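Novice: Mind looking over this structure? Questions follow.
The values are calculated or read from the model by the stated rules, or taken from the named source; none is laboratory data. Here the structure is a predicted model, which means the values were calculated and not measured. Glycine gets a Cβ as well: all are built from the backbone with ideal geometry, and neighbour counts include every protein chain shown.
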Amino acid sequence: MTRIFSGIKPTGHLTLGNHLGAVRQWVDVDQHKSDALFCVVDLHALTVDHDPARVRRLSRQAATLLLAAGLDPARCTLFVQSHVDEHTRLSYLLECTASDGEMRRMIQYKEKSARERATGGSVRLSLLTYPVLMAADILAYSADEVPVGDDQAQHVELTRDLAVRFNQRYGHTFTVPKAVLPSVAARVMDLADPTSKMGKSHAETGGIVYLLDEPEVVRRKIMRAVTDSGSEVVYDRETRPGVTNLLEILAACIGGSPVELAEGYSSYGALKRDTAEAVLELLRPVRERHAELCADPGYVDAVLRTGAERARTLARPTVDAAYAAIGLMPPA
Ligand code: TYM
């Protein structure tokens, strides 16, 4: 059976981008067809300036929202990264496999470190090594597929390179995984600035739809989305990024192709209205279920406990095998 691994980092409230680019696929497809593991990757949230209480709160909120979105603990394994030591155990071995140059080439590192430096902050070393920890997340579980949005594709490529290199040097140890991107909405853009990604860790622009936004707030953000000059509704990322983003969101919500959907519209206003309603319809059950689950924190804890136990059992043999392969003496 195909093994799937994916994760979400609790650096901010989950967005429509996370939902359409990743979570929906996990809920609708992945947990039904494969042995799927989903992880709240809290260690990754420590790579940038962070407030400890907020990370703890957002980790719980992310896990609760993933269940609210439809992850079913009877069908998949949901857990928190820091509850399973194998991730950091393996990460060091992969640091000894990766090169400094390939880490510095990572686009997210370049962007985020530039942002940190521009605001006078210092760049944590873990921001540079973060993709190695991500590779460890994936390789520890011998995952075949990694369902992610477009922005994580480069990190999965690096994971493949590290797996191949490790296997060549030390003997076959890791499954070489591949990224699986959704056919639409693989990169949902900020509604206020459709040339940049809708990101949960970004400063609030008014163009980021959070899964827990009130319905009126969602409607307002979409109705105020920046559109392009001209008035024709056409799908073209280069010349019409705003309209194209709305068409992608609409297509992801109601199905169909964004190019074909465009033909049914003669004004931006109608497209925005329909997109807002489609998003509200998609998010309504998630919000309702989230409220129910918040009233039952014991349930969420139990799911995460069981998830971590299973995850540990799966990861341990692979990480032990990597320790042996790389030349470390086993304990007596
Ligand atoms: P993160 O937490 O930034 O995002 C979680 C998932 O949501 C996708 N995503 C988007 N998709 C479409 N449009 C957007 N605007 C958008 N924003 C985010 C991301 O591509 C991702 O699939 N490094 C990862 C977390 C991670 C991970 C892993 C993922 C750590 N270890 C192992 C997979 C496997 C991250 O920061 O995702």
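For (1) within 23 Å of residue 12 (Cα to Cα); (2) assigned by TED's automatic domain parsing to the domain that holds residue 150; (3) in a loop (DSSP other than H, G, I, E, B), each residue gets a yes or a no:
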| position | (1), (2), (3) |
| --- | --- |
| 179 | no, yes, no |
| 194 | yes, no, no |
| 203 | yes, no, yes |
| 206 | yes, no, yes |
| 233 | no, no, yes |
| 238 | no, no, yes |
| 251 | no, no, no |
| 259 | no, no, no |
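Per-residue answers, yes or no, for (1) in contact with a Phe, Trp or Tyr (Cβ under 9 Å, 6 or more places away or on another chain); (2) of a type in the set (A, V, I, L, M, F, W, C); (3) within 15 Å of the ligand (Cβ to nearest atom); (4) farther than 22 Å from residue 13 by Cα:
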| position | (1), (2), (3), (4) |
| --- | --- |
| 93 | yes, yes, no, yes |
| 116 | no, no, no, no |
| 120 | no, no, no, yes |
| 137 | yes, no, yes, no |
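Novice: Still on this structure, I have one more. Of everything in segment 139-157 that's within 11 Å of the ligand (Cβ to nearest atom) and assigned to a helix (DSSP H, G or I), which residue is surrounded by the most Cβ atoms within 10 Å (Cβ to Cβ)?
Specialist: Checked segment 139-157; the qualifying residue surrounded by the most Cβ atoms within 10 Å (Cβ to Cβ) is 139.
Novice: Moving on. How about segment 1-47: which of its residues are part of a loop (DSSP other than H, G, I, E, B) and either near the ligand (Cβ under 9 Å from one of its atoms) or closer than 30 Å to residue 246 by Cβ (or both)?
Specialist: The answer is 9, 10, 11, 12, 13, 14, 41.
Novice: Further question: So which helices (runs of 4 or more DSSP H) stay within segment 54-119 end to end and still have 1 or more residues that are β-branched (Val, Ile, Thr)?
Specialist: Hits in segment 54-119: 86-95, 107-118.
Novice: Counting only residues that are modelled with pLDDT of 95 or more, within 13 Å of the ligand (Cβ to nearest atom) and β-branched (Val, Ile, Thr), how many does segment 158-209 have?
Specialist: Residues meeting the conditions: 6.
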